[in-house]
Amino acid sequence: MVTMNKLGRILMVEDDPKDVELTLTALEEYNLANEVIVTRDGEQALDYLHCRGEYKTRSSGNPAVMLLDLKLPKVDGLEVLKQIKSDDELRMIPVVVLTSSKEEKDMVASYKLGVNAYVVKPVDFHEFVNAIKELGVFWAVINEPPPGSVRK
Amino acid sequence: MARPNLELQIARSPVLRYGFAVLSVSVALGASLLLERFQFRNVADPLFLFAIAIAVWYAGTGPAILAVVLSGLADTYFFIEPIYSLYITRDDLPHFAIFILFASLLTGFAAVRRRVERDLVQARDDLQIEVAERTQQASLLNLTHDPIFVRDMSDVITYWNRGAQELFGWTDKEAMGRHSQELLQTIFPTPLEDIHGELLRTNRWEGELKKTKADGTQVVVASRWSLRRDEQERPVAILETNNDITERKRREEEIQGLNQELAKRSADLESINKELEAFAYSISHDLRAPLRHMAGYTELLQKKASSVVDEKSNRYMAMILESAKRMGDLIDDLLAFSRIGRAETQKTLVSLAQLAREALTEVRQDTEGRDIAWKIGALPDFYGDRSMLRVVLVNLIANAVKFTRPRLRAEIEIGCAEGSRDELIVFVRDNGVGFDMKYVHKLFGVFQRLHQSDEFEGTGIGLATVQRIIHRHGGKVWAEGLVDSGATFYFSAPKPQGHLW
């Protein structure tokens, strides 16, 4: 079992509340949900990363991993990814695209922008839970995040 | 060309010409002496003048002078007192002088007349030659089918060849003498002054003109004008050659129209394709999300409530999950199918034998625990998109595996059939449940299934995908089958160009 003090902070960018709930449920099932920040669009996610707007007073440090949906209101996922990977402060954050889309062009675009992993959300809930679990375990626990990441 | 006559025959030889002069004077002398014998008086002078006239006429000026001298001597010697001497008395001197003067005048006039006549003959001959040349040139212009006419600087038609008659419908007699503009009602692409300006500057002009024929219809002609100038460089005539390009123009316009139509259709197709792409993206993303939520919440419900609800309710939840999964599969297959239509094909020479081995590996999961006799014949190389052809073989082989499931011992054969010279035919044959040939037309349609889904699973897109891929390779797909006796699926494609090397 994963020990709590090693858990990294997860930043989730997801506009669909049902997806948020299902993802959190999946993470909870494996005790990975205690440090998940949920942002609902690309702008909010960037505000969080840059500690501005409503996140002006948040505790500093980058998340250990970022779960990024592609289809987002305001600033879409690919644009968020592009901004992160072209920012010296942020480019080391591991970004996992977590999306419904199996479209090849999204995949190609994401990898070109330097995404760290690309996961298509399975329709089957079992598979979905497994995927979230493995993602959470790998990126929040097993993977050694870059210096400056928040760990609990 | 000159008339053949005595004068020119004599003129050829000086000896003959002078001899002729001597002869005519001698004849005149003889005749005079003879007539004197018969008491005819004063006949010598006219006879000598006559001889001189004959000599000047037929033998030329030189012999005529000789004739004058000889006549003078003969006259003096035989007919002027004292006879038989060359002495002339004072009384006879005027007579003799008048004779000589008259003879000389005669000679002179005749010489001038001859010269004039010779010039006239020469001029006539020259003219005849020129006329012949012109006639030949004109008849040459008549030989060509190109419509040619000539008009002078006041636009009056002066020449009209047969080609012009054939094109415009007026004979040369009808056209010549008329104003060409009035006759042909030419429509010019640019102001006539510009055309004439260019013609005067460069001596030529070319362009497309519209003219009206005798029957009132319009023709489009490629017109070439050449300006003719006289020796003083003054423009005198315009030669106009007109080639009928009405049909060519019509075809050009037709082609242009077709091209425009084609461009428009391409643009339409492009936008439809874009829409389809957007549609596919939306299916991929937006339709899958609610499906995932349905499955997710149902599973959460199942987890929470399975112990408190009855068996029926549990079955309902299981059915919801199964349907959600099936819809997920349908969406995935449909997207894969639409992607084949949109994707670019990257064609290379592909070894079907290698692809078949890969396909067998891919279906291994479904063949575990089954008794299948594989018979794989020699497979040719195929010119096509490797990943697409792989999909074809995987689909056909997976189908064969699926539909032989009720057989204790399945037989599946993959081979190459005899095709025409430039065509390859590959087949996959099985001894499975087969199908009724009555429904063969439904086999390759999207979502078409010939078996109930609890009998054989599947979305009904596999064969439609196969057909789409083969069509994109310029080939055909077809099938033969018999209920309970197996099925054979064929696909064909043009042989690779390098196959014969």
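A few points about this structure:
- Test result for B:Lys274, outside the structural domain of B:His179 (by TED's automatic domain parsing), of a type in the set (D, E, K, R) and at pLDDT 90 or above: no
- If you go through the range A:106-129 and keep only what is within 12 Å of chain B (Cβ to nearest Cβ), without any contact (Cβ under 8 Å) to a residue 40 or more places away in the chain and either in a strand (DSSP E or B) or farther than 12 Å from A:Leu70 by Cα (or both), you end up with A:Val120, A:Pro122, A:Val123, A:Asp124, A:His126, A:Glu127.
Matching residues to (1) closer than 30 Å to B:Leu334 by Cα; (2) touching a strand residue (DSSP E or B) at 6+ places or on another chain (Cβ under 6 Å); (3) at pLDDT 90 or above:
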{"site": "B:Lys210", "(1), (2), (3)": "no, yes, yes"}
{"site": "B:Ala263", "(1), (2), (3)": "yes, no, yes"}
{"site": "B:Ala280", "(1), (2), (3)": "yes, no, no"}
{"site": "B:Thr298", "(1), (2), (3)": "yes, no, yes"}
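- When residues of the range A:95-150 are limited to those that are among the basic types (Lys, Arg) and surrounded by 15 or more Cβ atoms within 10 Å (Cβ to Cβ), the one farthest from A:Val36 (Cα to Cα): A:Lys102
Here is a yes/no grid of residues against (1) part of a loop (DSSP other than H, G, I, E, B); (2) surrounded by 12 or more Cβ atoms within 10 Å (Cβ to Cβ); (3) at pLDDT below 85:
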| site | (1), (2), (3) |
| --- | --- |
| B:Ala111 | no, yes, yes |
| B:Arg114 | no, yes, yes |
| B:Leu127 | no, no, no |
| B:Glu130 | no, no, no |
| B:Gln136 | no, no, yes |
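- Test: residue in the range A:64-81 that is of a type outside the set (A, V, I, L, M), assigned to a helix (DSSP H, G or I) and away from chain B (no Cβ under 14 Å): yes
- Criterion (assigned to a helix (DSSP H, G or I), among the aliphatic types (A, V, I, L, M), surrounded by 12 or more Cβ atoms within 10 Å (Cβ to Cβ) and in contact with a Pro (Cβ under 7 Å, 6 or more places away or on another chain)) met by exactly one of B:Leu73, B:Leu167: B:Leu167
- Selection from the range B:354-386 of residues that are closer than 18 Å to B:Ala493 by Cα and surrounded by 14 or more Cβ atoms within 10 Å (Cβ to Cβ): B:Leu355, B:Ala356, B:Leu379, B:Pro380, B:Asp381, B:Phe382, B:Tyr383, B:Gly384, B:Asp385, B:Arg386
- The strands (runs of 3 or more DSSP E) found entirely in the range B:385-501 that carry 2 or more residues being touching a residue at least 24 places away in the same chain (Cβ under 8 Å) and acidic (Asp, Glu) are B:410-417, B:423-430.
- The range A:62-80, residues that are of a type outside the set (Val, Ile, Thr) and more than 22 Å from A:Leu24 (Cα to Cα): A:Lys74, A:Leu78, A:Glu79
- Residue match in the range B:320-340 (condition: away from every other protein chain (no Cβ under 14 Å) and hydrophobic (A, V, I, L, M, F, W, C)): no
- Filter result (of a type in the set (Gly, Ala, Ser) and away from chain A (no Cβ under 14 Å)) within the range B:342-386: B:Ser351, B:Ala353, B:Ala356, B:Ala359, B:Gly369, B:Ala373, B:Gly377, B:Ala378, B:Gly384
The values are calculated or read from the model by the stated rules, or taken from the named source; none is laboratory data. Fair warning: this is a prediction, and the values are worked out from it, not measured in the lab. So basically every Cβ, Gly included, is an ideal-geometry build from the backbone, and we count neighbours across all protein chains shown.
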